[in-house]
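*Asks:* Shown below is the structure under consideration.
The values are calculated or read from the model by the stated rules, or taken from the named source; none is laboratory data. This one's a predicted model, so the numbers in the text were calculated from it and none came from an experiment. No Cβ is skipped: glycine too gets one built from the backbone with ideal geometry, and neighbour counts run over all protein chains shown.
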Amino acid sequence: MSEGGRIPDFAAFVNDFSYSLELKRISLVGHSVGGGIALHYALMFPHKIKKLVLVGSMGLDKAIAPWVRFLCASIFRRSLGKVMLAMLSATEWLVRFSGAPFEFVNPLSWAKIDMGKNITLREGQLVSFKDRLPELNMPTLLIWGANDAIVPVNQACAAAELIPDCQLHVIEGCGHTVHKQKVCEFTQLLIRFLG
C-alpha cells in the first residue's frame, strides 16, 4: 500500500479513538472511503473486530468511476475545481429555491475532491486490498447499490467470493449512497447482521 494515501492515517485514528474509549472489540461500519478505512483497520487489527460492514466501499479493487478520477486529478482541481464547485452549488441552490422535487443525495464538496486526490490515481484507486481479502476472519457484510456509479457492484461480488465469512446484499434502484436512498432496508440489514 502506498504511503501517499490517507487511509492508514485514518485507520490509525480509529485505533487511537477506540483505545481512548477502552473498547476491546468493536463492530465497524464504513461507507465509500470510510469503508476503505474500516477494511484497512480490520486487516491491521483483526482481533479487535467483532463484525465488519462495508457499504459501497473503496479498497476492494483498483477500478473506480472515470469521472471520479477526473474530478480528483490535480489539473482539474487547479484549473476548474473551484469554478465547477461554485456552479454545482449554484445549481443546487436554484433547485431548492424553485421547490423542484429533486434532491442532491451526495453533494460534491472541496473536501471530497481533496480527499479523492489521496485515494485515486489516473489508473484507478491508489489502495487495493483485493489480495488480502481472504485474511478477513470476522463475519463481514457487504451492502451495495446495484447502480453504484462510483465503485462498481462487480467489486462487491468478487470480494464476497474471497472473504471467508461474507454476506452480500445488492439493493436494487440504488447508487452509491444506499444508506440514504433505502434507509429502512439498509437499517434492517444492519440490525439483523449486528444483532
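*Asks:* Mind listing just one residue for me: the one in segment 122-134 that is in a loop (DSSP other than H, G, I, E, B) and among the aliphatic types (A, V, I, L, M) and, of those, nearest to Val29 (Cα to Cα)?
*Replies:* Here the residue is Val127.
*Asks:* From Ile37, Ile49, Ile64, which residue is at pLDDT 95 or above and more than 22 Å from Val183 (Cα to Cα)?
*Replies:* Ile49
*Asks:* Which residue pairs have Cβ atoms under 6 Å apart, sit 6 or more places apart or on different chains, and have a first residue in segment 23-45 that is closer than 16 Å to Leu133 by Cβ and without any contact (Cβ under 8 Å) to a residue 60 or more places away in the chain and a second that is of a type in the set (Gly, Ala, Ser) and in a loop (DSSP other than H, G, I, E, B)?
*Replies:* Gly35/Ser57
*Asks:* Kindly establish whether Ser89 is crowded, with 18+ Cβ neighbours inside 10 Å and at pLDDT 55 or above.
*Replies:* So Ser89 does not fit the description; no.
*Asks:* Right, something else. Residues that are in contact (Cβ under 8 Å) with a residue 40 or more places away in the chain, surrounded by 14 or more Cβ atoms within 10 Å (Cβ to Cβ) and small (Gly, Ala, Ser): which helices (runs of 4 or more DSSP H) entirely in segment 135-195 hold 3 or more of them?
*Replies:* Counting at least 3 such residues, we get 153-162.
*Asks:* Kindly provide the set of residues from segment 27-40 that are crowded, with 18+ Cβ neighbours inside 10 Å and in contact with a Lys or Arg (Cβ under 8 Å, 6 or more places away or on another chain), ordered by number.
*Replies:* Within segment 27-40, just Leu28 meets the criteria.
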